[in-house]
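> My questions all concern the structure below.
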Amino acid sequence: MTARLDTSSGDGNQRGVVTLNEIRQQPDLWPTTLERVASSNAHSIVKDRSTVICGAGSSAYAASAIAATWANAVAIPTTDLLTLSREEVSHRVPAFASNGVLVSVARSGESPESVGVIARVKQMFPKVAHLAITCNQDGELARLPEVSPLVLDPRTNDRSLVMTGSFSNLLLAGMAITCGAFLSKQLPGIVAKLNETFPILEKIAQRLASPSPARLMVLTSATLAPLAREASLKALEMTAGRTVAVHETFLGVRHGPMSFLRPDSLVLCVLSANAERRRFEQDVLRELRQKKLGHVVVVASENSGAEFGNDFVPAVAPNLPDDLRGPFEIVFPQLLAYHLSLASQLDPDNPSPDGVITRVVQRFQLH
């Protein structure tokens with residue numbers, strides 16, 4: 001029998017209440033994000049322009065996933081744009097100087113990179129237009145001159161240290177700029193399914209977290225790689241590094257990273273919606289089982305992978321193309337990270353009590 005986790009903080013307060021609420025409310029906020037994108041001028045700003053999409057940390061992973069759904073878009077982390085030369089950016093995006101737009105993705109819009117990169121790009125590429133997707137209407141990024149802000153529902157501006165609802169909504173907003181009509185048709189069914197299965201997902205996450213695994217690997221196809229990066233980061237952040245988390249593709253894991261796994265490692269495997277890709281993925285799952293490497297958790301539709309793992313998690317949006325599934329499939333990894341945090345006797349709302357990481361990156365010298 002799995003012991004019930006003690007979520008009290010010792011002073012009568014419940015640990016992680018803010019984070020859990022922010023994870024749970026995501027299905028309620030996704031429709032508001034689509035509405036805000038539809039009523040904005042974002043599409044006209046980016047239409048037919050050479051685009052760089054940037055963000056830092058989780059927002060960089062969101063930027064990467066957004067860029068995969070756009071034509072003429074390249075994702076470059078904000079932290080890289082601060083140091084790349086004009087020539088290096090132009091080499092990656094040849095038409096950026098003459099017909100470019102920089103799309104900045106940020107939860108608070110208050111980090112030094114978010115603001116600093118705007119000034120740097122304006123100096124290097126004065127003809128470039130600027131669009132900001134942010135959760136904070138009062139943030140510096142949303143108030144910069146010559147930057148068009150797309151501000152999401154204030155509830156997406158997570159109060160917790162880690163990004164959960166802000167990540168999925170920033171990602172959804174970026175995707176909706178070019179795929180809004182399709183996503184609007186699909187969203188009601190996705191929301192209904194998630195609301196129905198949420199209690200199941202939460203119970204599975206709590207059970208998997210109770211042994212406090214020391215190692216976690218997240219496996220996806222290449223198209224879902226930003227999801228894997230964010231999932232592994234959430235586990236790392238919420239456990240203060242006590243669960244060491246890495247990410248890899250199914251076919252890439254054989255080329256060295258498989259040595260990371262131990263019999264007691266947790267292996268979170270998000271299977272592709274594409275049947276041809278799944279055949280490769282299922283072969284890797286068989287190999288992991290044969291080699292007794294890790295406790296394999298398969299995230300998939302009921303008819304495409306339940307028998308290949310030690311545990312099965314129903315996918316939230318298994319019928320969407322892989323490049324659009326990120327905002328929805330991230331919910332279970334968020335819940336898993338939340339319960340890993342509790343199992344590590346940490347507070348998910350502030351899992352870095354020594355201040356190693358902070359909600360907004362502290363000011364540093366921009367050169």
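> At E146 and A192, where each label point lies 7 Å from the Cα along Cα→Cβ, what is the point-to-point distance in nanometres?
4.9
> Output the peptides 20-27, 66-73, 88-95 sorted from most to least packed, where packing is the average of other Cβ atoms within 10 Å over each peptide's residues.
On the way: 20-27: 21.0, 66-73: 19.1, 88-95: 14.5.
Going by the mean number of other Cβ atoms within 10 Å, highest first, we get 20-27, 66-73, 88-95.
> Oh, and also: Sequence neighbours fewer than 8 away in the same chain don't count; with that in mind, list the lysines whose C-alpha is under 20 Å from K203.
Once the sequence-local lysines are set aside, what remains near K203 is K193, K234.
> Could you list the square roots of 5 times each eigenvalue of the Cα gyration tensor of the chain, that is, the equivalent ellipsoid semi-axes, sorted largest first and rounded to whole Å?
The answer is 33, 23, 20 Å, longest axis first.
> Springs between alpha-carbon pairs under 10 angstrom, Gaussian network model over the chain: which of M124, M238, M175 fluctuates most?
M124
> Work out how much length A214 to N72 would gain on full extension: take 0.36 nm times their residue separation and subtract the Cα-Cα distance, in nm to one decimal. Walk me through the numbers on the way to the answer.
Values: separation 142, 0.36 × 142 = 51.12 nm, distance 4.07 nm.
My answer for the length gained is 47.0 nm.
> Just the accessible area per residue of segment 131-249, please: how many Å² with a 1.4 Å probe?
On the way: 4380 Å² over 119 residues.
Averaged over the residues of segment 131-249, the accessible area is 37 Å².
> Let me ask you something else. Carbon and sulfur: what percent of segment 179-255's accessible surface (1.4 Å probe)?
Details: 1920 of 3260 Å².
Here carbon and sulfur together make up 59 percent of the probe-accessible area.
> While we're here: Among the lysines, which have Cα under 24 Å from the Cα of K122 when same-chain residues fewer than 8 positions away are ignored?
K47
> Taking a ≥ b ≥ c as the square roots of the eigenvalues of the Cα gyration tensor of segment 137-209, is the shape rounded (a/c under 1.5), prolate (a/b larger than b/c) or oblate? The partial results should precede the final answer.
On the way: a/c = 3.41, a/b = 1.50, b/c = 2.27.
Cα axes put segment 137-209 in the oblate bin.
> Give, to the nearest whole percent, the P(r) tail of segment 85-188 beyond 24 angstrom, counting all Cα pairs. Can you show the working numbers first?
Numbers: 1643 of 5356 pairs.
Summing the P(r) of segment 85-188 above 24 Å gives 31 percent of all pairs.
> What size of dipole, in debye to the nearest 20, comes out for segment 39-150 about its Cα centre when the only charges are +1 on Lys and Arg C-beta atoms and -1 on Asp and Glu C-beta atoms?
Values: 9 positive and 9 negative charges, 51 e Å.
My answer is approximately 240 debye.
> Related question: Relative to the Cα centre, what is the charge dipole magnitude of the chain, using +1 at the beta carbon of each Lys and Arg, -1 at the beta carbon of each Asp and Glu, and rounding to the nearest 20 debye?
Working: 35 positive and 35 negative charges, 91 e Å.
So the dipole magnitude of the chain works out to roughly 440 debye.
> Now for a different question. Between rounded, prolate and oblate, where does segment 189-255 land on the alpha carbon gyration tensor, with a ≥ b ≥ c its root eigenvalues, rounded for a/c under 1.5, else prolate if a/b exceeds b/c? Please list the in-between numbers first.
Details: a/c = 2.16, a/b = 1.21, b/c = 1.78.
Here segment 189-255 falls in the oblate category.
The values are calculated or read from the model by the stated rules, or taken from the named source; none is laboratory data. Source: prediction; values computed, not measured. Note: ideal-geometry Cβ built from the backbone for every residue, glycine included; neighbour counts use all protein chains shown. To get the accessible areas, we keep the full protein, side chains included, count just its heavy atoms, and leave off ligands, DNA and RNA. Shrake-Rupley method; radii C 1.70, N 1.55, O 1.52, S 1.80 Å.
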